[in-house]
Structures are given as C-alpha cells and as structure tokens.
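The values are calculated or read from the model by the stated rules, or taken from the named source; none is laboratory data. Being a predicted model, the structure only gives us computed values, none of them experimental. No Cβ is skipped: glycine too gets one built from the backbone with ideal geometry, and neighbour counts run over all protein chains shown. What goes into the accessible areas is simple: the full protein's heavy atoms, side chains included, and nothing from ligands, DNA or RNA. Shrake-Rupley method; radii C 1.70, N 1.55, O 1.52, S 1.80 Å.
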Amino acid sequence: MITLIKDTIDNKDVDNLIEWLKTYPRLTKGAKTLEFENQFAEWIGTKHAVFVNSGSSANLLMVYALKYLGALTNNKIVVPSLSWATDLAPVLQYDIEPVLVDCNLDNLSVDLEHLEEVFKTENPDAMILVSVLGLSPDIDKIVELCDKYNVILIEDNCESQGTKYKGKRLGNFGLMASFSTYFGHTMSTIEGGMITTNSDEIYNLLLQLRSHGWDRDLSKEKQTQLRDRHNVDDFSAFYTFYTPGFNLRSTDLQAVIGIEQLKKVDWMIDQRNRNFKKYISKLKDYTWVPKEIEDSFTASFCIPIIAYSPEQKQRMVKNLMDNNIECRPLICGSMGTQPFYTEIYGRKELPNVSQVDDCGIYVPNHPQLTDSEIDLICKCIIDAI
C-alpha cells in the first residue's frame, strides 16, 4: 500500500519521549508546552503561539475570539467553499452566517473576482483564508481586498505549514492563523494544533479561552490587571473565570514530541516540495496540475489532480486503488453541498468548486515517498487519461 501520509514521529522521537518520561515529569500542560509554543512562534516568525489539542480547535478558538471581542457586527464570515469541515463548522456552531466563496482553478484558493463581489454585496466582518494542500494564495491581493472592504483576515494553514509567500511563512498575514499537528501532517504531535498571532490582546484572550476562562496562563502583570478590575483576591482567583472559556489544552507529552519534530521539519518540508516538483513535471503535459503563485514556496501536503470529466476521474481512482495507492476526494469537495450546510441553507452551487467536486482527487505526498512510488502513481493517472 502506498499511503496518503506516513507518521512523522520516528523511533528517535519515541526514544526521546521515553527518556523524558523516565524523569517522571508533569504530563499535562506545563513548561514544555510554553517551550514548544515559543519555538513554534520563532519558527513561523510571529510574536506568539498558542498550543491546543487540534487544528480544528484552533479554528474554533479563532472564530470565537472574534465573536467575543465584538468584531462581528454584521455577524457574517466568508468561508471558502473548497475548505475543510472545521472551517465552516464553528461559524454555524456560533450562529454566525457563513458566506461561501468559490475557488479559483489555478492554486485552488479563493476566486478573487467572486471574493470582491461577496465583500461588496454581503459586507462580511471577517474571512477565513484556506491555503489548500500547501499551495500559497495570492496574499497581496487578498490582503488588499480585506483592507479595502474592512474585513478581518484569519488564516487556516493546517495543510500548509512551511509554505512561504515572498519569503515569509504563512501564518504572518492575518490577525490569527491556525495550524494542525495531527498524525501525518507536516509535523505531528499525535493530536494537536497551534494558533499564531502578533497581537498581545488576542494572545492573552486565547490563553484564557483555551483554559476555562481563568487567568493562570497569563503574565503576572495581566493577572494583576484582571484581578484589580474585578476585585478578585489571589485565593479566589484559583476559581475565577473572566471569559466563557473551553478546555482545549494539549499536554506537555505532546509538546515534547513537537519540540523534536521542529528539529527536522525543514527537511520534511523540503522533501515534500521536491516530490511536488517531480509530480508536476511528470503530469503537466497530461492533466490539470496546480500553478504556484509567483515568488512562493510550496510546502506540499498532497497532490491535487482535476480530471477532465467525472468518468476520467473514476478511471483514475480505479487505477490507483487497483495498484494499492490511496487517494481521496480533493479535500472534501464543495462545502455548499455538504449535508450539514444544505440542511440549514440549501445547496450552494458555485462553478469552479463544482468542477473540483465532480472531477477532483488528491494523491500521496510525504517525506518518505520514493521516486519509484511517484512514478507508479503518475503512471496510473496517465493511463487513465
């Protein structure tokens, strides 16, 4: 079986974890979590990072932070129709109106003409920008549109850790950005996610929202400010809750794994990019392949393919499966046709994402993928064509 992904946690990571466990440390969130957060923020290039239990939880917290701060005056958030369930789900869960926007057929990010139309007609408060399978969006144009129409930008980079735009890693362009460290992602902490931000206000709020709404993770200065404002003494502060928070913490055990993963993540990203280039060179004369934005670097997650018809797609899928090669629908098709959306709003058909839904798949990419495996995958696709 040629799998879509492989575990990035290797024997060395496990051995290091065992040695740490032999010190009989505290396993829940503690000093190692803070160390991992600081290292991740430095690696991305942001001021702050907050470690949570999944990339999905990261999205949940980002959306709630906007709601809690009163930033959603029109109660509307733009969500790419080509995205993941947990980009759309928090919007529905918080009773915010989602405005779906079509993708483009170059890098699978948002269609800029449709995005501007949506900004003009719907007057949304914010948008979630999804970087699909490690492909960089046209950041400058998207930021320009957000500034023009006063839309708050938040990034979902769960599939694109390490992707760069004009030399800067994604995660630096919105008010907040989410990442996933789930099994098989760019790097893994088994389960886990991260939010990056350069805003002190957002950072302190996320720390509270992550852990019940109390102040234990805040600096002494911030704790004193909150306690003085609410007339809370130090003993009462143990169980005083300033925001309606969650419990979305991760653990020091996972942070220890993450610290080791960061030591080799650049190599893993380079391998993914190398594989991506090999795929493109072999397939570009036969079928649709993604186009990279100028002056970007692709930390490829998996390889998207769009067939020229649903029948051709089915031949590709059959060839791949007959050769024990895993493949999947391209992310998950259109959010506007997913049951959890249509049961509330009805079907939302958009032309480009409908083509992706009908004809799109993605195929494996991971650092351990061999040249011969890539050759076989490409042969299955080309034979189907």
note = In the range 284-322, anything open to solvent by 10 Å² or more (accessible area, probe 1.4 Å), assigned to a loop (DSSP other than H, G, I, E, B) and farther than 18 Å from N273 by Cα is listed as D285, Y286, Y308, S309
request  = Would you please name the residue that is farthest from N74 (Cα to Cα), looking only at residues in the range 150-184 that are aromatic (F, W, Y) and part of a loop (DSSP other than H, G, I, E, B)?
outcome  = F183
query = Within the range 342-358, restricting attention to residues that are touching an Asp or Glu at 6+ places or on another chain (Cβ under 6 Å) and open to solvent by 10 Å² or more (accessible area, probe 1.4 Å), which residue is farthest from S300 (Cα to Cα)?
reply = L350
query = When the range 136-180 is examined, which residues are found to be of a type in the set (D, E, K, R) and free of Cβ contacts under 8 Å to residues at least 40 places away in the same chain?
reply = D140, K141, E144, D147, K148, E155
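Picking from P310, P290, P329, which residue would you name as being modelled with pLDDT of 95 or more, of a type outside the set (A, V, I, L, M, F, W, C) and in contact with a Leu (Cβ under 6 Å, 6 or more places away or on another chain)?
Exactly one residue qualifies, and that residue is P290.
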query = For M187, are the conditions met, namely being crowded, with 18+ Cβ neighbours inside 10 Å, in a loop (DSSP other than H, G, I, E, B) and either touching a His at 6+ places or on another chain (Cβ under 8 Å) or at negative phi (or both)?
reply = yes
Meets criteria (without any contact (Cβ under 8 Å) to a residue 60 or more places away in the chain, open to solvent by less than 50 Å² (accessible area, probe 1.4 Å) and touching a strand residue (DSSP E or B) at 6+ places or on another chain (Cβ under 9 Å)) for C327 = no
message = Restricting to the range 214-234, give me the number of residues that are closer than 21 Å to G30 by Cα and part of a loop (DSSP other than H, G, I, E, B).
response = 7
message = Can you say whether S236 is in contact with a Lys or Arg (Cβ under 9 Å, 6 or more places away or on another chain) and open to solvent by 20 Å² or more (accessible area, probe 1.4 Å), as far as the supplied structure shows?
response = yes
remark   = Residues of the range 198-213 being part of a helix (DSSP H, G or I), buried (at least 18 other Cβ atoms within 10 Å of the Cβ) and not hydrophobic (A, V, I, L, M, F, W, C), in sequence order, are Y203, N204, Q208, R210
note = Checking I377, I361, I382 in turn, the sole residue that is part of a strand (DSSP E or B) and either surrounded by 13 or more Cβ atoms within 10 Å (Cβ to Cβ) or not polar (S, T, N, Q) (or both) turns out to be I361
query = Looking at the range 132-146, which of its residues are of a type in the set (A, V, I, L, M, F, W, C) and more than 13 Å from the chain's Cα centre (by Cα)?
reply = I139, I142, V143, L145, C146
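Quick grid of which residues meet (1) without any contact (Cβ under 8 Å) to a residue 24 or more places away in the chain; (2) at positive phi; (3) assigned to a helix (DSSP H, G or I); (4) open to solvent by less than 40 Å² (accessible area, probe 1.4 Å):
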residue: V91; (1), (2), (3), (4): no, no, yes, yes
residue: D106; (1), (2), (3), (4): no, no, no, no
residue: E113; (1), (2), (3), (4): yes, no, yes, no
residue: V118; (1), (2), (3), (4): no, no, yes, yes
residue: M127; (1), (2), (3), (4): no, no, no, yes
